[in-house]
Structure formats: structure tokens, C-alpha cells
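The values are calculated or read from the model by the stated rules, or taken from the named source; none is laboratory data. Keep in mind that this is a model prediction, so the values were computed, not measured. Note that we place each Cβ from the backbone using ideal geometry, even for glycine, and neighbour counts take in every protein chain shown.
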Amino acid sequence: MSSPQQVGVIGAGQMGTGIAQVFAQSGFSVFLVDAKPVQLAQAEAGIRASARRLHEKAKIDAAAYERVQTQIRYETQLSSLQACDWIIEAIVEQEAAKGQLFRDLDSIVQPEAIFATNTSSIPITRLASYTQRRDRFIGMHFMNPVPIMKLVEVIAGLETSDSTLQRTLATVALLQKEAACSKDYPGFIVNRILMPMINEAFCALQEGLGTAQDIDKGMKLGTNQPMGPLELADFIGLDTCLSIMNVLFHGMGDPRYRPSPLLRQYVDAGRLGRKTKRGVYEY
Ligand SMILES: NC(=O)c1ccc[n+]([C@@H]2O[C@H](COP(=O)([O-])OP(=O)(O)OC[C@H]3O[C@@H](n4cnc5c(N)ncnc54)[C@H](O)[C@@H]3O)[C@@H](O)[C@H]2O)c1
């Protein structure tokens, strides 16, 4: 079973930058693509700073640090991905945008290449249907921040081949991460359980059950979580949280997953969390 050599990561936001960094650290050649040049410039600065911090704390060795500086190419055109043998999509959590991207990639990238999506919630079988390579399509759900978090949730769609699954698990191991396999249902394991908790925290805030600080403090100190749910929502991005709740709500057809009106309102106001410097809290 050969491991991938050239990896294409699409979307240079919080997740794509972290994914590009960990692949480069582990010795892969990486092409990081984003539609926006300004996003790529920010990604490059962020990746270099993150690798420097990890190296200073002796979390990565000098060779891995050097690879991050030299083995990532920053591109705006999908055509740069033609010869890649592994693709990881990390653009916005919207089916229409991801579907169109996979349709375009299918005709650009060599047919043998595996397509992985970092979607937080959209069923893999559904995203695979935008391509002609449904057996070579899989979910690789990295956690935020990618260079720190150990887990990658791996989700095989209905048509994903066993060889694609095995190659993905081997790739996760090469990245020195741990895989947890989930069946292909909306939200998979992590967000099926995490997002309703975050959503409930917004309902509690809306009802005035407590201040944002007290809700977060209660959950942090009372249930031993490193971040409170509202702080975590700001970290993930409120737009991403809302998209995931919508996928759970429509995908499961169950009113218990109804997105909180307050969460919707924050997103409508452009208060998306840390990335816009304002969410539940100000940064
Ligand atoms: N934020 C999290 O904590 C988290 C965790 C796990 C998975 N995810 C998933 O990862 C994906 C990305 O999330 P994020 O938080 O990095 O989002 P983000 O908003 O930080 O970044 C998205 C990036 O994609 C780019 N983009 C959008 N459409 C594009 C296109 N058609 N072609 C090229 N680039 C395009 C944007 O310019 C932006 O830079 C989503 O599917 C999300 O659900 C997020």
C-alpha cells in the first residue's frame, strides 16, 4: 500500500492551514490552494509562526520545522493540483460550494487520486456523488487546532472502497494522529454529540439562564472541559456551528436539532467568533 506523495489542500482558513502544516511536518509535499490571495498570505505567516512555536517547545524537530518552511506551495489555481495523489478539501461548510469544487476537481486531478473532505457534518456519500470516483472518496475530519489535536475522525461513505479506507488509516498514522471511525450519518460522532451541547448553551444564553461567562464557567469547572461551550463556539466559528446544526436538523429530520435563534442572529450580524474578532465575546 503506497502512501501519498503530493497532497493538495483546498481552503486556507483555520483548518486548511493546520492540515497543510501537519502534512508538511510529516514529509509530504503540499499545495495549499485558496481562492483569496490575502487568505494565502495570512496562512503562510500563520503556518510559519505555528511551526516556530512548536519547534521552540521541542514538539517538532529541526527537520520537521525545515520541511514546513520549504515543502508547502501556496496557490490560487486548482490547476496546480493536477498531479496530486491525495486531496483534502477544507472550504466553507456548505454543500453547494463543496459539491461544485469536487465537480471541478474531478476533471482536473489525476483519476487515481483519493479525495478526502474535512467536512464537519455533511454526509460523505452525498459529497462523493458530485464525483465519478465514489470508491476513492472519504471523510477525514481533523480537529481544531490541527497541529495540536490528536484525533482524525475517518468516515467511509457507502461506496468508499476498503482499500481507500485502509490507505486513509495508514495516512493518519503517518501524521502521528489517532483515527476514530464513524458511520456516515450527519455530524458523524464528534459533532453529533458536541454541537447540540453548544447549541443548548446558546439557548441557555438566550433565555437568560446565566451570563456567557457563567455558562462557560459552569461547564468548564463543573464538567472539567478545557473551554466552555460558548468560548469553544467562538473558536470553531459561529457560521460553521450554524451550518453543522442545519445539517443535523435537516439530515436527521428531528426538531431536537433546531438551531438556536440567537446563534442564527449572531451569524446574520457577522459575529462569527475569533476569526472576525467578535462572536459571543470580543477579541
Ligand atoms: N473550525 C473548526 O473548528 C473546524 C473543525 C473541523 C472541521 N471543520 C471544517 O473544515 C472546513 C473549513 O472550516 P474553517 O473553520 O477552516 O473555515 P474558514 O472560514 O476559516 O476557511 C475557509 C476557507 O475556504 C476558502 N474558500 C471558500 N470557498 C473556496 C473555494 N471554492 N475554493 C478555494 N477556497 C475556498 C475561504 O477563502 C477560506 O479561506 C469546514 O468544512 C468546517 O466545517 C472546521
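Miscellaneous remarks
- Considering residues of region 222-269 that are closer than 22 Å to Glu282 by Cα and without any contact (Cβ under 8 Å) to a residue 12 or more places away in the chain only, the residue farthest from the ligand (Cβ to nearest atom): Gln265
- Per the listing Met245, Met219, Met197, the residue uniquely assigned to a helix (DSSP H, G or I), surrounded by fewer than 18 Cβ atoms within 10 Å (Cβ to Cβ) and touching a helix residue (DSSP H, G or I) at 6+ places or on another chain (Cβ under 8 Å) is Met197.
- Residue within region 36-50 that is farther than 15 Å from Gln176 by Cβ and in contact (Cβ under 8 Å) with a residue 60 or more places away in the chain present: yes
- Count of region 139-173 residues which are surrounded by 14 or more Cβ atoms within 10 Å (Cβ to Cβ) and either in contact (Cβ under 8 Å) with a residue 60 or more places away in the chain or within 17 Å of Glu89 (Cβ to Cβ) (or both): 22
- Test for Gly16: is it surrounded by fewer than 24 Cβ atoms within 10 Å (Cβ to Cβ), outside the structural domain of Gly237 (by TED's automatic domain parsing) and either hydroxyl-bearing (Ser, Thr, Tyr) or within 16 Å of the ligand (Cβ to nearest atom) (or both): no
- Restricting attention to region 162-179, the residues being closer than 8 Å to Val152 by Cβ and in contact with a helix residue (DSSP H, G or I) (Cβ under 8 Å, 6 or more places away or on another chain) number 4.
- Enumeration of residues in region 125-173 that are under 18 Å from Met15 (Cα atoms) and out of contact with any strand residue (DSSP E or B) (no Cβ under 8 Å at 6 or more places or on another chain): Asn144, Pro145, Val146, Pro147, Ile148
- Here Ala12 clears all of (1) over 27 Å from Ser121 (Cα atoms); (2) in contact with a Phe, Trp or Tyr (Cβ under 8 Å, 6 or more places away or on another chain); (3) hydrophobic (A, V, I, L, M, F, W, C) except the condition numbered (1).
- Among the residues of region 3-13, those identified as assigned to a loop (DSSP other than H, G, I, E, B) and surrounded by fewer than 24 Cβ atoms within 10 Å (Cβ to Cβ) are Ser3, Pro4, Gln5, Gly13.
- Enumeration of residues in region 149-169 that are part of a helix (DSSP H, G or I) and among the polar types (S, T, N, Q): Ser163, Thr164, Gln166, Thr168
- Within region 248-271, the set of residues being in a loop (DSSP other than H, G, I, E, B) and either of a type in the set (Val, Ile, Thr) or touching a Phe, Trp or Tyr at 6+ places or on another chain (Cβ under 8 Å) (or both) comprises Arg258, Pro259, Ser260.
- Cβ-Cβ under 6 Å pairs, at least 6 apart or on other chains, region 88-103 side of a type in the set (S, T, N, Q), far side more than 8 Å from the ligand (Cβ to nearest atom) and assigned to a strand (DSSP E or B): none
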